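Undergrad: Before I ask anything, here is the structure I am working with.
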Amino acid sequence: MRVAYIQFHPTLNNPERNRSRLEQFLTAVTADLVVMPELANAGYNFSSMQEVFSTAEDAEKGATIAMWRDIARQKRMAVVGGFAERQGDTCYNSAALIDREGNVHIYRKLHLFGEESRWFSAGDEPPPVMTLAGAQVGVFICFDWAFPEMARILALKNAEIICHPSNVVTRFPPQAMVVRGVENRVFTITANRIGREEGAAGNLYFPGTSQVTTPDGEVPARAGETGEETAVVEIQLSRAHDKRLAGYTDLFASRVPEMYTDLADHTNS
Ligand code: ACM
């Protein structure tokens, strides 16, 4: 199957402009599954809750989701993208997973980064795995990468691909996601934004570096730090079914979960 990322430069608090730019990219790409950055409708570095309210959108009626659904149906292309979601007076940093029939499933970011908790409530559901374009596709958003439990849970739920809409502000994730892919024997697709943004979190730089990684740690596509870019990669999904590390030992059969129970112990956090 063909998977793609779209790396682009959103404009803060300008959802109309972001929507039309994304529509151009989505119209141009030919793939079975395409991933866009975190908060792709909104930008990242807000200064007030008013800004967040004015750009965040309803997961069912919002204009960005409507455009993504239309394109998914028209092009028979599954779409995953991050967006600022509003439900009443609560906003979430969310991702939409949209299948080729236009069905939408929403994931709300669990691990909020920096100032994000001023604007967004954290989700309260585990990351999902959906069937998209015939593949088992999981998702988490940006800083969620730093919690290996997230990738492991998705892989245990049989994800073959982990989509990772991002607004990365450090240079750790490209390397970390290679490891997440290897230790779980899955493909990963990180779609990051680029550019600089001034706001409550200061002057933020987003170093692109969107990528596709394989269960063997290869990186068949990696974008630069500063340009808008789309890449399409042909992947062999069956590679994610062999859970042996480099052909030797089955990673999942080797787990000792009864030794990991402290991970779920809230008293040590
Ligand atoms: C991040 O989670 N957007 C850094």
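Undergrad: Go through 34-46, 255-267 and give me the packing order, highest mean Cβ count within 10 Å leading.
TA: Sorting 34-46, 255-267 by mean packing, highest first, produces 34-46, 255-267.
Undergrad: Another question about this same structure. If you put +1 on each Lys and Arg Cβ and -1 on each Asp and Glu Cβ, how big is the dipole of the chain around its Cα centre, in Debye rounded to 20?
TA: About 580 debye.
Undergrad: Using only the alpha carbon atoms of the chain, find the Kirkwood hydrodynamic radius as the inverse mean reciprocal pair distance, in angstroms to one decimal.
TA: The answer is 18.4 Å.
Undergrad: Over the chain, with a Gaussian network built from C-alpha contacts below 10 Å, which listed residue (Arg196, Arg185, Arg108) shows the highest mean-square fluctuation?
TA: Most flexible of the set in this elastic network: Arg196.
Undergrad: Moving on. Using only the alpha-carbon atoms of region 48-149, report the extent along each of the three principal axes, biggest first, to the nearest angstrom.
TA: Principal axes ranked by extent give 38, 33, 16 Å for the Cα atoms.
Undergrad: Among Ile194, Ile235, Ile141, whose mean-square fluctuation peaks in a Gaussian network model of the chain (Cα, cutoff 10 Å)?
TA: The residue with the greatest mean-square fluctuation here is Ile235.
Undergrad: So between Glu234 and Arg73, what do we pick up on full extension, going 0.36 nm a residue minus the alpha carbon distance?
TA: 55.8 nm
Undergrad: Then there is this: Check cross-link reach from Lys75 to the aspartates and glutamates: straight Cα distance under 18 Å, and skip same-chain residues fewer than eight apart.
TA: Result set, ordered by chain and number: Glu23, Asp32, Asp99, Glu101, Glu234.
Undergrad: List the residues, sorted by chain then number, that are 5 or more residues from Phe83 or on another chain and whose placed amide H is less than 5 Å from its amide H.
TA: The list, which skips near neighbours in sequence, is Leu39, Ala40, Ser94, Ala95, Ala96.
Undergrad: Going by Cα centres, region 128-187 and region 1-76 are how many Å apart?
TA: 20 Å
Undergrad: Now a separate question. Please compute the net charge surrounding Thr213, taking Lys and Arg as +1 and Asp and Glu as -1 over other residues with Cβ under 15 Å from its Cβ.
TA: Local charge sum for Thr213: -1.
Undergrad: So for region 13-142, taking the charge dipole from beta-carbon charges (+1 Lys/Arg, -1 Asp/Glu), which of Val137, Ser47, Leu112 sits furthest toward the positive end?
TA: Highest projection toward the positive end goes to Val137.
Undergrad: With the chain treated as a Gaussian network of Cα nodes joined by springs under 10 Å, which of Gly181, Gly202, Gly81 yields the largest mean-square fluctuation?
TA: Gly202
Undergrad: Short version: ³J(HN,Hα) in whole Hz for each residue of region 106-123, in order, from phi by Karplus 6.51 cos²θ - 1.76 cosθ + 1.60 (θ = phi - 60°), x for Gly and Pro, what are they?
TA: 10, 10, 9, 3, 8, 10, 7, 10, x, 6, 3, 6, 6, 10, 10, 8, 6, x
Undergrad: Let me ask something else. Can you give me the Cα centroid spacing of region 206-269 and region 79-105 in angstrom?
TA: Cα centroid of region 206-269 versus Cα centroid of region 79-105: 23 Å apart.
FYI, it's all coordinate maths here, none of it is from the lab. Note that the structure is a prediction, hence the values are computed from the model and not measured. Cβ: placed from backbone, ideal geometry, glycine included. Neighbour counts: every protein chain shown.
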